[in-house]
Amino acid sequence: MVYQLLVAGKKGVFNLSDYCLDEITYTTHKTGYASSLNFTVARNIGGEFVFFEGDCVQFFIDGELLFQGFIFSKERNSDHFIRVTAYDQLRYLKNKDSYNYSFKTASDVVLMIINDFKLSYGMIDNSKYVINNRIEENKSLFDIILNACNITYKNTGEQYFLFDKAGRLYFKELNNLKSPFALSIDQSVIDFNCKTDIDTDTFSQVKLYQRNKTKKIDKEITVNDKNGIEQFGVLQYYEKMPDEYNDFQLETCAKTILKEKNRVKRTLNIKCIGQGLGEHLLHAGNSIFLSNLDIGEEILNNWECISKCVHSFKNNEHIIEMWF
């Protein structure tokens, strides 16, 4: 595996590949965070390079652009080591703004924000479900998009994911992001950790409500699962819904939430070695097949969606750590 690290700015383009110390880490998240690239370079090893905050960073693996972003922070010490953090375009979604929109899909909301903030993009899937009216006041752009995606999910059961790929934003339905890779305990897995609980995000009953113009609770709908209540007790999810939702929409949302959350929550962390088969392309939002993975009380043979993924590159070694 051959990597190349370039920084381009007002002072020119610098190849930092030969001046990197320790490891280069590339991190992606499923929601709410920009992808990041972290690396340390040493100017006292003959490097006559000058770069600044805002300069463009490109990271290539075997000639293929894996990450493109911008320097947001530098840390220096007395040895002239410089620790750099670069983020992709998603970092600009931390900006706050207010929007009042009507009859837009989540895809429309994404494109509206992309155009307003002059971001580059590739393919934007059509999320189809139309949101009648939404007021977002003093919210981060991340939250505005996430709210639109959550509304879409509750009404359709479809999940959408926004990510940056080599300097362009993509908005894809999660079912279209399955990876060709499979992991099993007897192959590349170094270690794993699995936690199960019903304490943080498990619900056996869902109650949704609306308020009328006098702010009194006007309508409630409750759905539950008898088996879930017998196993977990009554763990209730409670949420205010938009005034314009009709009975069918309320029931659809309640059933979608119950279907997702009426289970034992499992948090799985897997650390493995890259085999040089293209695993560096894995990112949060991808689903990967876990094959015969014995986690103690069960053996996993199913697709799992990556919520966070960290790639570490050092001395021609590639380590991947994934959270599900």
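The values are calculated or read from the model by the stated rules, or taken from the named source; none is laboratory data. Just so it is clear, the model here is predicted, and its values are computed rather than measured. Note that each Cβ is placed from the backbone with ideal geometry, even for glycine, and that neighbours are counted across all protein chains shown.
For the stretch 208-218, the condition of being farther than 25 Å from residue 133 by Cβ and either of a type outside the set (Phe, Trp, Tyr) or outside any helix (DSSP H, G or I) (or both) holds for none of the residues. Looking at residue 107, is it at pLDDT 95 or above, surrounded by 15 or more Cβ atoms within 10 Å (Cβ to Cβ) and not assigned by TED's automatic domain parsing to the domain that holds residue 37? So residue 107 passes the test. Residue 251 fulfils the conditions (1) within 22 Å of the chain's Cα centre (by Cα); (2) of a type in the set (D, E, K, R); (3) assigned by TED's automatic domain parsing to the domain that holds residue 221 except for a single criterion, (1).
If the condition is being of a type outside the set (Gly, Ala, Ser), surrounded by fewer than 16 Cβ atoms within 10 Å (Cβ to Cβ) and modelled with pLDDT of 90 or more, then the stretch 5-22 contributes 13, 15.
Applying the condition of being part of a strand (DSSP E or B) and either buried (at least 16 other Cβ atoms within 10 Å of the Cβ) or at pLDDT below 95 (or both) to the stretch 86-100 and asking which residue is farthest from the chain's Cα centre (by Cα) yields 99. Among the residues of the stretch 276-317, which ones are out of contact with any strand residue (DSSP E or B) (no Cβ under 7 Å at 6 or more places or on another chain) and assigned to a strand (DSSP E or B)? Result: 294, 317.
Do we have residue 65 as in a strand (DSSP E or B) and modelled with pLDDT of 95 or more here? Don't jump to the end; show me each part of the working.
Numbers: in a strand (DSSP E or B): yes; modelled with pLDDT of 95 or more: yes.
Yes.
Quick one: in the stretch 229-263, which of the residues that are modelled with pLDDT of 95 or more and aliphatic (A, V, I, L, M) is nearest to residue 218 (Cα to Cα)? Filtering first and then ranking leaves 250.
The rows are residues; the columns are (1) more than 19 Å from residue 151 (Cα to Cα); (2) assigned to a loop (DSSP other than H, G, I, E, B).
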{"site": "196", "(1), (2)": "yes, no"}
{"site": "202", "(1), (2)": "yes, yes"}
{"site": "222", "(1), (2)": "no, no"}
{"site": "228", "(1), (2)": "yes, no"}
{"site": "234", "(1), (2)": "yes, yes"}
{"site": "239", "(1), (2)": "no, no"}
{"site": "243", "(1), (2)": "no, yes"}
{"site": "267", "(1), (2)": "yes, no"}
{"site": "271", "(1), (2)": "yes, no"}
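Of everything in the stretch 189-231 that is among the acidic types (Asp, Glu) and surrounded by fewer than 11 Cβ atoms within 10 Å (Cβ to Cβ), the residue that is farthest from residue 295 (Cα to Cα) is 230.
Pairs are defined by a Cβ separation below 9 Å, a sequence spacing of at least 6 or placement on different chains, a first member in the stretch 235-246 that is closer than 30 Å to residue 199 by Cβ, and a second member that is at pLDDT 90 or above and basic (Lys, Arg); the pairs so defined are 235/261; 236/207; 237/207; 237/261; 238/207; 239/207; 241/154; 242/134.
One residue stands out in the stretch 298-316 among those that are of a type in the set (Val, Ile, Thr) and closer than 30 Å to residue 4 by Cα: the one that is surrounded by the most Cβ atoms within 10 Å (Cβ to Cβ), namely 306.
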